[in-house]
Amino acid sequence: MPAPPDRRHVGAPLPRLDAWGKVTGATTFLSDEPRSDAWLGAAVRSPLPHARLVSVSKTAAFPPQAVLLTAADLPCANLVAMVREDLPLLAADEVRFATQPVALVAAPDRETLKAALAAVAVELEELPAVLDLDAALRGEGPVWGADNVVAEYRIDRGDPDAAFASAVTVVEGTYSTGYQEHMYLEPQGVVATPRPDGGVEILGSLQCPYYIHNALKRALGLDGDRVVVRQSPTGGAFGGKEDYPSILALQAAVLALRCGQPVSMIYERREDVACTTKRHPSRTRYRSAFDGEGRLLAVDIDLVLDAGAFTTLSPVVLSRGVLHVAGPYRVPHARIRGRTVATHTPPNGAFRGFGVPKAAFACERQMDRAARRLGLDPAELRRRNLVRDGDTFVFGQTLRPGMAAADLVLERVLDRSGYEQRRREARAFNAGGGPLRRGVGVTLTMHGGGFTGDGEDRIKGKVAVRLDPDGLVTLLVSSVEMGQGAATVLPQIAAEALGLPVGRIRFHQPDTSAVPDSGPTVASRTTMVVGRILVAACRQLADKARAFAGDKAADPLLAAGHAGLTATAVYESDPDIDWDQSTMHGDAYQGWSWAAAVAEVEVDVDTMEVRPVRLTHVVEIGCAVNPVLCVGQVEGGALQGLAWGHLEEMKLKDGRYWNDRMSTYIIPTSLDAPDFDVELAELPSPRGPFGAKGLGELPLNAGAPALAAAVEDALDIEVFEAPVTPEILLARWREVSR
Amino acid sequence: MKISMWVNGVHRDLEVPPLKRLLDVLREDLDLVGAKEGCGEGECGACAVILDGRLVNSCLLPAYRAHGRVVRTIEGLGTPERPDPVQAAFVAEGAVQCGYCIPGLVMASRALLDDEAGPSRPRIREALAGNLCRCTGYERVVRAVELAARAPQRACGDEPAAGPWSSPQASTGDDVTVHLPTTLREACELLARGGVTVVGGATDLGVLLHEGIVSPAALLDLSRVAEVHGVRREGGALVIGAATPYADLMRDPDVARDLPCLHEAVRTVGAPAIQSLGTLGGNLVNGSPGADAVPPLLALDARVRLVSAAGEREVSADAFFTGYRATVRRDDELVAAVVVPVPAAGTRQSFRKAGTRRAQAIAKVNLAACARIEDGTLREVRLAAGSVGPTVVLLRVAMAILEGGRVADLERLAGAAAAAARDEVTPIDDVRSTERYRREVTGNLVARFVTSLSS
């Protein structure tokens, strides 16, 4: 590897630029700003998962000053534009999931709102509901379309049937994963304000200003200038504020337009948990064929996701899942089928990882199951099968020189964690009897950064930079800061590109009236893709400043401060990328990031409580623009993955989320978190700025499979599900010991 | 209600509804918006502030309880120019991501370092366990607290001492009457008149009020009644004032030495901000089968001291509960104290909770157990289990199997007692666990205790 170039800002462990505001309490989140003029809005929701909506009406007690909007009263198209336009803003004549809004109410204050909500009569005629995946797969209902299949993708490579016929060992397993609630600490919220020009302005806690902008334009039939979306400091999102804010903002917008008043809709926790999108539950049937040396010959995989009642982002989640489900392994022959099917449950949506965590869980569980069958150490089986430069994924992408780092991260994590010794120590400890068992598990995962295939070409992200009179450069991007560090990392990239101190860079709060559409803050694309466009914009600006100030100017960007210079760059892909969306074939992702983790757990066999003790995580991300922030991303993402693997269980009861509060939906406390040891490896990628690739979602992929592997090692029983709760483990332990 | 308090060193006089949450008083009346609402039920700690030196969840505390007290919020801690070492360490270690939980986490860290110098990593994790963070994985946060602990701590010189406590003055518009008696007699007289809801730590009340499940007309708050606070020795027993906060109970050396199973149970109640407020009396009267501090009281054969204007009586902790959230307490009676006989020397005590997680957890099952070995024979075996029926229960069948059993026969006894325990409990499936798990684990924990007696 060449020596890293001499850099001053990229690679520096700079404290995040918004840290002081946050540690002193000065940062104002949406609910922190007094809004005495705003009315309050709320949705009237269906308690039933499937029903004919007979009527929605005001009773006599409805306060006269309050406002009620039903589907019939909507002053706009009844749709929330996402991947499709099937989701209505309000149910018109059929309710298809519990909590689906059937009306909207606004009132000038809390008491009036409460009275108004109590004075809305909703008449429903209950219909049979399809609540489980099997019923949905049989086409019952149908809930959606003709057969409930919201989307289906296939990948075929080679001749899997012949490969299975020639296999020495065939391994089969079925793996399931559950819902996951984002539980960002700041609940969802927006405030909509009518504009004098008949448009509307949204301020909210959100990830994707232009998704909302588009949803509002589409439904309200407004031109883009009359819709403004501004982001308030956002207290966590993790994908949960990718899709849902479009719904919430549209609700607030129609109420605001109807009342002629600003309307605030800020959720309390229970409404947030009960009504917002979750990670899709999944079930994967996985068959693998191996030769006599433990080398993969073929896979046959059937991946099914529960979409909930409407499309939202499910097809996109599915396609990413399908592309990752064969894992970071060489698989000459493959048959992969992915479907996402509808049920009468709340629509599921984006969650950090976006289809990959469940795919990785199935793939990695299957590799561990295979290792047991083949009598190989799980690390050794992975070593024999992992992809290297020159190998081709099942979907036809060949890894060019320098792209593959599966080998690197696996060997590093084994070494760093002392894997073999820790396994031996755990065995010795367990041989001593007693109620505690220790186990060590390894996992290997990958994540494609940026949109799939030609997605970035289609959205053509745009970035602007502006030179201000004070000599500071303002970054105009629609990528939001939601805790992940965009408002620090992008300035570091700009500073490096411009040769300026980071203090000379300003990050503009995303606002569709001021910043261009750089695309949504999703898909681990901000650093890699938006950062790349930003570098291009910065270089243009530097050229313009030099042209203005002359070659002799010591600090052309300062000298040109009054010139009113701006530069805009649009995403341009490299010419050597080959992708066919219709067959899902080719270069699916421009930059692959790699992660391997070793989890060590302790399990109490009397209670089957699982305690993650240590997680060693090695990630390869091209270039760590800010190593401290990168490590924080890895630790936080890994804990979300670990907890999804054993603690976080969302149950449905009558089609509603049962664990609808923080005391019943369990996220980890500081005592539930392991000690983390993280290493950042860097193989610079030509696709990203200064070699950087995606990171945000990668660490979530490894947590659950690493934990499951460690639990399996501790107890010598197999784990097929995430979360693997103490209840499941205890039942399985009894079966085995009897 | 007119209340006065010191907030960040400034004396504040306010007129607010008595049950307005301290969180809302800070945010709406004092424009101190650093404390955040993340859950509204004392679960996430984003609203945590320091009240008289202890971390509390301001979303659970009614305004009247802040009267005469000293409150510190994130705004009073430091500025970028003159930061508190905790703030500086959070910035330096990269402990901040989205920032929404950070005011609470910083205050929890501050409260810890005010309480002890150089805490260990496990102590730091324990002290932060009531402050949920979804971004960081906690590693950077723990490191930040370690770093802050090594820095010179700033004295907060401008903090006045709390009190003296006058009573807050009612306002004409108050929608609830709050009685804050200072003597037990006064409390009993108020109670005898009827129509009041008794308040201990207010941690349950805060949730019920916020969700509109209760709307009491009058409250009788015991936080100023000295007689129901503290731990004292009466003959061979420890008498624990019913309104003693868990935080005091945890630190009590007599409880730690003589009643280790109670000590251990108290440590598992919620997390620090709950322990600052919650009380043993509240845990009893509330009558939840999952109350963590209650099984030890049954296992230790404690008596509940009920006091009324008419007199005083004591009821065994076991007989105190009559059904799900139902007790023998009459409406005119207060739980004033719990009288816990100190077990004979050599008594083994144990408490084990299987919760939904390792802190801030409601029990799926918990078990308190006591037994003594005399001449190779098990004596005074008492086992009490929680979350396995409508009330906390003594496992009488299992106890009978063990009583008088020989130590030499422990393995068989453990198996038999475990099987009996599994049979005699009456758990249910609910949002947290299953009937099957609860039965099984009750037996496992019984067996584990019995087996441990051999060592």
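Structure notes:
- One residue stands out in region A:614-635 among those that are within 13 Å of A:Leu14 (Cα to Cα) and over 17 Å from the mean Cα position of the chain (by Cα): the one that is surrounded by the most Cβ atoms within 10 Å (Cβ to Cβ), namely A:Val625.
- Filtered by the rule that a residue be more than 14 Å from chain B (Cβ to nearest Cβ), surrounded by 24 or more Cβ atoms within 10 Å (Cβ to Cβ) and in a loop (DSSP other than H, G, I, E, B), region A:479-519 gives A:Ser479, A:Pro510, A:Ser518, A:Gly519.
- The set of residues in region A:528-573 being closer than 17 Å to A:Ala692 by Cβ, of a type outside the set (A, V, I, L, M, F, W, C) and either touching a Lys or Arg at 6+ places or on another chain (Cβ under 7 Å) or crowded, with 22+ Cβ neighbours inside 10 Å (or both) consists of A:Gly531, A:Arg532, A:Tyr571.
- Test: B:Arg82 is more than 30 Å from B:Lys2 (Cβ to Cβ), of a type in the set (Lys, Arg) and more than 7 Å from chain A (Cβ to nearest Cβ): yes
- Among the residues listed as B:Leu22, B:Leu61, B:Leu51, the single one being away from chain A (no Cβ under 14 Å), free of Cβ contacts under 8 Å to residues at least 60 places away in the same chain and under 20 Å from B:Gly200 (Cα atoms): B:Leu22
- Of all residues in region A:273-289, those satisfying the criterion of being touching a helix residue (DSSP H, G or I) at 6+ places or on another chain (Cβ under 9 Å) and either assigned to a helix (DSSP H, G or I) or under 13 Å from A:Gly189 (Cβ atoms) (or both) are A:Cys275, A:Thr276.
- Only listed residue being in a helix (DSSP H, G or I) and within 14 Å of another protein chain (Cβ to nearest Cβ), chosen from B:Ala416, B:Ala421: B:Ala421
- Filter pass, B:Cys98 being touching a Cys at 6+ places or on another chain (Cβ under 6 Å), assigned to a loop (DSSP other than H, G, I, E, B) and more than 7 Å from chain A (Cβ to nearest Cβ): no
Residues are listed down the side, and each one gets a yes or a no for (1) among the polar types (S, T, N, Q); (2) buried (at least 23 other Cβ atoms within 10 Å of the Cβ):
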residue: A:Gly327; (1), (2): no, yes
residue: A:Thr343; (1), (2): yes, yes
residue: A:Val356; (1), (2): no, yes
residue: A:Arg372; (1), (2): no, no
residue: A:Leu376; (1), (2): no, no
residue: A:Glu380; (1), (2): no, no
residue: A:Gly390; (1), (2): no, no
residue: A:Thr398; (1), (2): yes, no
residue: A:Glu411; (1), (2): no, no
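- Selection status of A:Val254, over 19 Å from A:Phe351 (Cα atoms) and of a type in the set (Val, Ile, Thr): yes
- For the criterion of being in a strand (DSSP E or B) and surrounded by 21 or more Cβ atoms within 10 Å (Cβ to Cβ), B:Val441 fails.
- Residue under evaluation A:Gln261, criteria (1) under 26 Å from A:Gly696 (Cβ atoms); (2) out of contact with any Gly (no Cβ under 9 Å at 6 or more places or on another chain), criterion not met: (1)
- Comparison of B:Pro119, B:Pro152, B:Pro160, B:Pro168 shows that the only residue that is more than 11 Å from chain A (Cβ to nearest Cβ), modelled with pLDDT of 95 or more and more than 21 Å from the chain's Cα centre (by Cα) is B:Pro119.
- All conditions in (1) in contact with a Gly (Cβ under 7 Å, 6 or more places away or on another chain); (2) of a type outside the set (A, V, I, L, M); (3) not assigned by TED's automatic domain parsing to the domain that holds A:Glu712 hold for A:Arg546, with the sole exception of (1).
- Hey, B:Ala371 within 30 Å of A:Asp604 (Cα to Cα) and either surrounded by fewer than 24 Cβ atoms within 10 Å (Cβ to Cβ) or without any contact (Cβ under 8 Å) to a residue 40 or more places away in the chain (or both) or not: no
- Where a residue in region B:30-42 is at pLDDT 95 or above and its partner, wherever it lies, is among the polar types (S, T, N, Q) and surrounded by 22 or more Cβ atoms within 10 Å (Cβ to Cβ), with Cβ under 7 Å and at least six apart: B:Leu32/B:Thr73; B:Gly34/B:Thr73; B:Ala35/B:Ser58; B:Ala35/B:Thr73; B:Gly42/B:Asn57; B:Gly42/B:Thr203
- Residues being surrounded by 19 or more Cβ atoms within 10 Å (Cβ to Cβ) and either modelled with pLDDT under 95 or among the polar types (S, T, N, Q) (or both) - total across region B:374-392: 2
- Test: residue in region A:566-588 that is in contact with a Ser or Thr (Cβ under 8 Å, 6 or more places away or on another chain), modelled with pLDDT of 95 or more and closer than 30 Å to A:Arg388 by Cβ: yes
- Residue check for A:Asp654: in the same structural domain as A:Ile728 (by TED's automatic domain parsing) and closer than 30 Å to A:Cys275 by Cα: yes
- Hey, A:Asp291 touching a residue at least 40 places away in the same chain (Cβ under 8 Å) and either β-branched (Val, Ile, Thr) or surrounded by fewer than 24 Cβ atoms within 10 Å (Cβ to Cβ) (or both) or not: yes
- None of B:Leu298, B:Leu306 is part of a helix (DSSP H, G or I), in contact (Cβ under 8 Å) with a residue 24 or more places away in the chain and away from chain A (no Cβ under 14 Å) except B:Leu298.
- Those strands (runs of 3 or more DSSP E) lying entirely in region A:3-89 with at least 1 residues more than 14 Å from chain B (Cβ to nearest Cβ) and of a type in the set (Phe, Trp, Tyr): A:39-45
- In the set A:Glu727, A:Glu712, only one residue is at pLDDT 95 or above, in contact with an Asp or Glu (Cβ under 8 Å, 6 or more places away or on another chain) and either within 14 Å of chain B (Cβ to nearest Cβ) or surrounded by fewer than 24 Cβ atoms within 10 Å (Cβ to Cβ) (or both); that residue is A:Glu712.
- Filter result (assigned to a loop (DSSP other than H, G, I, E, B), within 11 Å of another protein chain (Cβ to nearest Cβ) and in contact with a helix residue (DSSP H, G or I) (Cβ under 8 Å, 6 or more places away or on another chain)) within region B:322-378: B:Ala359, B:Gln360
- Test: residue in region A:443-459 that is in contact with a strand residue (DSSP E or B) (Cβ under 9 Å, 6 or more places away or on another chain), among the acidic types (Asp, Glu), away from every other protein chain (no Cβ under 14 Å) and assigned to a loop (DSSP other than H, G, I, E, B): yes
- So A:Pro684, is it part of a loop (DSSP other than H, G, I, E, B) and away from chain B (no Cβ under 11 Å): yes
The values are calculated or read from the model by the stated rules, or taken from the named source; none is laboratory data. From a predicted model like this one, the values you see are computed outputs, not experimental measurements. Neighbour counts are summed over all protein chains in view; Cβ atoms, including those assigned to glycine, are modelled from backbone coordinates with ideal geometry.
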